[in-house]
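The values are calculated or read from the model by the stated rules, or taken from the named source; none is laboratory data. None of the values given here were measured: they were computed from a predicted structure. Here the Cβ is made from the backbone with ideal geometry for all residues, glycine too, and neighbour counts use every protein chain on show. SASA here: full protein model, heavy atoms, side chains in, ligands and nucleic acids out. Shrake-Rupley method; radii C 1.70, N 1.55, O 1.52, S 1.80 Å.
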Amino acid sequence: MRVFGHRGSPGFPRFGENTLTSFRKALDAGAAGIELDVRRCGDGTIVVIHDATIDRTTNGAGTVSGLSYAQLSRFDAGHGDSIPRLSEVLDDVGPRGITNIELKEFGMATDVARLIVERKLEDRVIVSAFDGPDNAADSNAEWLELEQFGSLPTALLCKKSTLERIGCEGLIDAVHQHGANSIHAAANCVTSELLDLSQRHGIPVRVWTINNPS
């Protein structure tokens with residue numbers, strides 16, 4: 001079994017997620033890798049943050065897309081850390097384990113891939129994404145983004161509503177269609193049918209989020 005630090009190791013209460021301190025803490029504790037989320041801020045810099053706003057995870061307020069990196073870096077994202085750039089995280093912890101980069105927005109593939117390749121981290125990174133909103137006409141938009149990563153390992157993120165919409169067979173078909181290497185499934189999606197199908201097709205399944213050892 002391989003354990004990944006989801007947004008690092010934020011602790012309880014959840015504060016200091018997606019920060020360099022959190023990522024280092026997870027790896028120091030023995031995690032095989034970390035999971036993080038990326039967005040563009042107002043000046044185009046790719047930053048590591050889950051939400052579209054900074055209200056929940058920092059001592060500031062506002063939208064990520066409405067603030068430059070210089071502005072974002074003034075806020076405390078936990079234990080004195082600022083919101084990091086993806087480049088900083090890859091430089092700091094990229095060589096130490098596997099980094100699962102979750103795309104939270106469309107249109108970042110070229111820049112994310114460049115940051116990975118420049119650092120020769122192709123064998124230490126997984127790029128993952130959800131599909132779009134269930135009611136969207138182009139609900140596969142984010143999955144389509146994964147096709148632009150070429151030979152880099154990619155994964156389809158799957159939540160319960162996605163599985164209810166397309167079924168286990170449909171999810172396997174989507175993996176093949178988009179050239180992904182694995183499925184990252186919410187715990188409530190993991191059924192014997194999904195595991196049997198994925199094993200039959202040689203597709204790894206990684207489950208999120210697990211906080212209880214049993």
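Tabulated data for the structure shown
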item	result
Per-region count, the stretch 73-97, residues assigned to a helix (DSSP H, G or I), free of Cβ contacts under 8 Å to residues at least 60 places away in the same chain and surrounded by fewer than 21 Cβ atoms within 10 Å (Cβ to Cβ)	3
VAL127 touching a residue at least 24 places away in the same chain (Cβ under 8 Å), of a type in the set (Val, Ile, Thr) and part of a helix (DSSP H, G or I)	no
Qualifying residues in the stretch 188-214 (those that are of a type in the set (Ser, Thr, Tyr) and surrounded by fewer than 12 Cβ atoms within 10 Å (Cβ to Cβ)) - the one modelled with the lowest pLDDT	SER214
Verdict on SER161 being touching a residue at least 24 places away in the same chain (Cβ under 8 Å), in a loop (DSSP other than H, G, I, E, B) and more than 26 Å from MET1 (Cβ to Cβ)	no
Search result, residues across the stretch 65-87 that are closer than 18 Å to LYS104 by Cα, in contact with a Leu (Cβ under 7 Å, 6 or more places away or on another chain) and of a type outside the set (S, T, N, Q)	ILE83, PRO84, LEU86
Residue in the stretch 32-42 that is touching a strand residue (DSSP E or B) at 6+ places or on another chain (Cβ under 9 Å), buried (at least 17 other Cβ atoms within 10 Å of the Cβ), charged (D, E, K, R) and closer than 16 Å to ILE98 by Cβ present	yes
Any hit, the stretch 131-139, residues being open to solvent by 40 Å² or more (accessible area, probe 1.4 Å), small (Gly, Ala, Ser) and more than 29 Å from LEU20 (Cα to Cα)	yes
Filter result for the condition that a residue is within 18 Å of the chain's Cα centre (by Cα) and farther than 25 Å from ILE34 by Cβ, over ALA180, ALA187, ALA141	ALA141
Residue count for the stretch 1-31, restricted to those that are more than 19 Å from ALA70 (Cα to Cα), in a helix (DSSP H, G or I) and open to solvent by less than 40 Å² (accessible area, probe 1.4 Å)	4
